[in-house]
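Here is the structure we will look at, set down as structure tokens.
The values are calculated or read from the model by the stated rules, or taken from the named source; none is laboratory data. Because the structure is a prediction, the values reported are computed rather than measured. All Cβ positions, glycine included, derive from the backbone under ideal geometry; neighbour counts span all protein chains shown.
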Ligand SMILES: [Zn+2]
């Protein structure tokens, strides 16, 4: 790219998607021809379905061809990019990041991109302009539809395409999650209705498209930079621990929780911080052990991780450390706090959430939530009555008024829920 200083400075408004793509290439060295994102983008130009070789048994060539035909019938700019998502990969295991990178590498423009989701067996969708075909909810709805639960990836992707084509993803999502939300259902856990009618924001979205793209690209690059700089806190749980935990089944999660409890114990004994900090870490370690011993399922095992995070925060001595993500503690440590109002409730809470959930809420989407069971039915864990669940009562650390999870466990708040 030219660095001629005499070259006139372009105004941001004159930036097109292609010059943005150039900027992105220039900003990330080595992102030229062979970057993973570019490779997928190139493949998607030839065919609307790209399947990573490692997933060829999940979606075989005949199934790929069927999906291609189905997409062509819709006459929509739908693309399917199936690549395994693992923490620490080119997109940090984040489907949204994968979608953004591939979309940029394809030169931008209107598009709908279906990928694997954050959770095992889930699918996700992103679209540009945002929400034009309710694609995000279409893909999310499929994750909750029982009739395709075990039908295999091609069937579930075909179902998502069907909903996107019908353009009623919001309604399908609402229907599919009605069970989870109880009588008062909303498509969005922010409790806010989607913006209606006014053409003004949509017009703005088109007019400011290139600017927004630029902002999004900047965010992406800043986020990358931040991720690279994240090694500074020696006691923080590595992100890879959460990625592994999230994709594990209950037995696997228990195993990982056990390992992390042992590790916290060792590091606490070796720590030379202030006696008060070491004592808090020991309390968290003991409480994590108590919860682990009695854990009845994934919500309790997630609580073990929340206690480990509390112990590690004590050892790090960092003031004001945030707890794990309120919506799904296995997303890992929260990035910041934000106001949030639970369904059917008046009061607004301040909860700590991870970047992905913050973004979901900002764009009025439902963040992925940790599911618990009540009377045999799956419900978001925070909708279990507080007296029946320490995790609903505390939001895994988000809703503690000054005390700690360890204190709550010590005083019997957890064991009281075991009936
Ligand atoms: Zn989260």
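Answer yes or no: is there a residue in region 388-397 that is at pLDDT below 95 and within 16 Å of the ligand (Cβ to nearest atom).
no
What number of residues within region 370-387 satisfy the criterion of being away from the ligand (no atom under 16 Å from the Cβ), part of a loop (DSSP other than H, G, I, E, B) and at pLDDT 90 or above?
2
Give region 342-369 a look and list any residue that's near the ligand (Cβ under 10 Å from one of its atoms) and in a helix (DSSP H, G or I), or say none.
355, 356, 357, 358, 359, 360, 361
Specify which of the listed residues (320, 297, 303) is touching a helix residue (DSSP H, G or I) at 6+ places or on another chain (Cβ under 6 Å) and more than 10 Å from the ligand (Cβ to nearest atom).
One residue alone meets the criteria, 303.
Please tell me if residue 312 is under 30 Å from residue 172 (Cβ atoms) and either away from the ligand (no atom under 16 Å from the Cβ) or assigned to a loop (DSSP other than H, G, I, E, B) (or both).
No; evaluated as a whole, the condition is false for this residue.
Taking the conditions exactly as written (touching a helix residue (DSSP H, G or I) at 6+ places or on another chain (Cβ under 8 Å), modelled with pLDDT of 80 or more, farther than 26 Å from residue 342 by Cα and not in a helix (DSSP H, G or I)), does residue 84 satisfy them or not?
Spelling it out, residue 84 is indeed touching a helix residue (DSSP H, G or I) at 6+ places or on another chain (Cβ under 8 Å), modelled with pLDDT of 80 or more, farther than 26 Å from residue 342 by Cα and not in a helix (DSSP H, G or I).
What is the residue count in region 257-299 for residues that are closer than 21 Å to residue 326 by Cα and without any contact (Cβ under 8 Å) to a residue 12 or more places away in the chain?
0
Name the residues in region 323-334 that are near the ligand (Cβ under 9 Å from one of its atoms) and assigned to a loop (DSSP other than H, G, I, E, B), would you?
325, 326, 327, 328, 332, 334 - these are the residues of region 323-334 that are near the ligand (Cβ under 9 Å from one of its atoms) and assigned to a loop (DSSP other than H, G, I, E, B).
Within region 117-128, count every residue that is surrounded by fewer than 24 Cβ atoms within 10 Å (Cβ to Cβ), within 14 Å of residue 153 (Cβ to Cβ) and at pLDDT 80 or above.
The number of residues fulfilling the criteria is 3.
Give the residues of region 339-358 that are without any contact (Cβ under 8 Å) to a residue 24 or more places away in the chain and surrounded by 17 or more Cβ atoms within 10 Å (Cβ to Cβ), sorted by residue number.
Across region 339-358, the qualifying residue is only 358.
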